[in-house]
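Student: So that we are looking at the same thing, I have put the structure below in C-alpha cells.
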Amino acid sequence: MELESSSFENGGTIPKKFGYKNGNVSPSLIINDVPDSAKSLALVMDDPDAMGAVGKVWVHWVLWNIPTEVTKMDENSIPENSIEGETDFGEIGYGGPAPPDKEHTYIFKLYALDTALDLGKGSTKKDLENSIQDHIIAKAKLTGKYAPQ
C-alpha cells in the first residue's frame, strides 16, 4: 500500500496554507495498492518532534472508516462516511502543522484494516489505536516538514 500527496513530496516541505495558523487546509492524499481483503482505512497525522517542545507526540488528524475504494482525498475534504476524531488542539477534524520552536516532521500513517470501526466521532488517537490493534493488514507512511512561519 502507498500513501502520497499532490500537495507536497514525501519528505518535502508542507506548503504554508496547510499550517494550523495559515489556512488549516488538509492536504490532498493519494492512496494506492489497498489490499483486496481490506474493509476500511484509517489515517493518523502526528508530530513526534513535538516531544521536545511539549513533552508528547502531538496529534493533528485522526480519521477512520475511509472506504477502501477511495484513491484520492482532495484538499480540505474527507471521503463520505469517514469519521474524524479529536486532535490535541481539542478540536474534531484536521489540525495543521504548528511547530512552536523549529522545523518539525509530520507523519501521515495510513492503515488498511480487516474491519470497519465502531468508534464515535471525536474519539482520540488512543481510542483508534486500541481499536485497530489486531486488525491491521497493511500500513503506508507519508512525511512532510513544516517550519514556524
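The values are calculated or read from the model by the stated rules, or taken from the named source; none is laboratory data. Treat the numbers as computed from the prediction; the structure is a model and nothing was measured. Please note: Cβ atoms are built from the backbone with ideal geometry, for glycine as well, and neighbour counts cover all protein chains shown.
Student: Could you list, in sequence order, all residues of region 1-21 that are surrounded by fewer than 17 Cβ atoms within 10 Å (Cβ to Cβ) and either modelled with pLDDT under 95 or among the charged types (D, E, K, R) (or both)?
Tutor: Those that are surrounded by fewer than 17 Cβ atoms within 10 Å (Cβ to Cβ) and either modelled with pLDDT under 95 or among the charged types (D, E, K, R) (or both): 2, 9, 16, 17, 21.
Student: Answer yes or no: is there a residue in region 57-67 that is at positive phi, surrounded by 14 or more Cβ atoms within 10 Å (Cβ to Cβ) and either modelled with pLDDT under 95 or in contact with an Asp or Glu (Cβ under 6 Å, 6 or more places away or on another chain) (or both).
Tutor: No: region 57-67 contains no residue that is at positive phi, surrounded by 14 or more Cβ atoms within 10 Å (Cβ to Cβ) and either modelled with pLDDT under 95 or in contact with an Asp or Glu (Cβ under 6 Å, 6 or more places away or on another chain) (or both).
Student: Applying the selection to region 25-56, what residues are β-branched (Val, Ile, Thr) and surrounded by fewer than 16 Cβ atoms within 10 Å (Cβ to Cβ)?
Tutor: 30, 54
Student: Within region 76-97, which residues are in contact with a His (Cβ under 8 Å, 6 or more places away or on another chain) and either modelled with pLDDT under 95 or under 20 Å from residue 8 (Cβ atoms) (or both)?
Tutor: Once the filter is applied, which keeps residues that are in contact with a His (Cβ under 8 Å, 6 or more places away or on another chain) and either modelled with pLDDT under 95 or under 20 Å from residue 8 (Cβ atoms) (or both), region 76-97 yields 87, 94, 95, 96, 97.
Student: A further question on this structure: Pull up region 120-141, narrow it to residues that are touching a Gly at 6+ places or on another chain (Cβ under 9 Å), modelled with pLDDT of 95 or more and not in a helix (DSSP H, G or I), then point me to the one that is surrounded by the fewest Cβ atoms within 10 Å (Cβ to Cβ).
Tutor: Restricting to residues being touching a Gly at 6+ places or on another chain (Cβ under 9 Å), modelled with pLDDT of 95 or more and not in a helix (DSSP H, G or I), the top hit is 124.
Student: Take residue 109 and decide whether it is at pLDDT 95 or above, out of contact with any Phe, Trp or Tyr (no Cβ under 7 Å at 6 or more places or on another chain) and closer than 19 Å to residue 1 by Cβ.
Tutor: yes
Student: State whether one or more residues within region 74-85 are within 15 Å of residue 146 (Cβ to Cβ), within 13 Å of the chain's Cα centre (by Cα) and either in a loop (DSSP other than H, G, I, E, B) or of a type outside the set (Phe, Trp, Tyr) (or both).
Tutor: No, region 74-85 contains no residue that is within 15 Å of residue 146 (Cβ to Cβ), within 13 Å of the chain's Cα centre (by Cα) and either in a loop (DSSP other than H, G, I, E, B) or of a type outside the set (Phe, Trp, Tyr) (or both).
Student: Right, here's the next one. Among what's in region 27-50 and is among the hydrophobic types (A, V, I, L, M, F, W, C) and either part of a strand (DSSP E or B) or modelled with pLDDT under 95 (or both), pick the residue that is nearest to residue 77 (Cα to Cα).
Tutor: 29
Student: Still on this model: Find the residue count for region 90-110, including only residues that are within 21 Å of residue 70 (Cα to Cα) and of a type in the set (D, E, K, R).
Tutor: Residues that pass the stated criteria total 1.
Student: Contact list please: Cβ distance under 9 Å, first residue in region 111-134 and more than 10 Å from residue 64 (Cβ to Cβ), second residue surrounded by fewer than 11 Cβ atoms within 10 Å (Cβ to Cβ), pairs at least six apart or on different chains.
Tutor: Note: pairs meeting the criteria are 114/134.
Student: Of all residues in region 95-119, which are surrounded by fewer than 15 Cβ atoms within 10 Å (Cβ to Cβ) and either under 26 Å from residue 22 (Cβ atoms) or touching an Asp or Glu at 6+ places or on another chain (Cβ under 7 Å) (or both)?
Tutor: Listed by number, the residues that qualify are 100, 101, 102, 103.
Student: If you check residue 87 against the conditions, is it free of Cβ contacts under 8 Å to residues at least 60 places away in the same chain and hydroxyl-bearing (Ser, Thr, Tyr)?
Tutor: When the stated conditions are applied, residue 87 passes them.
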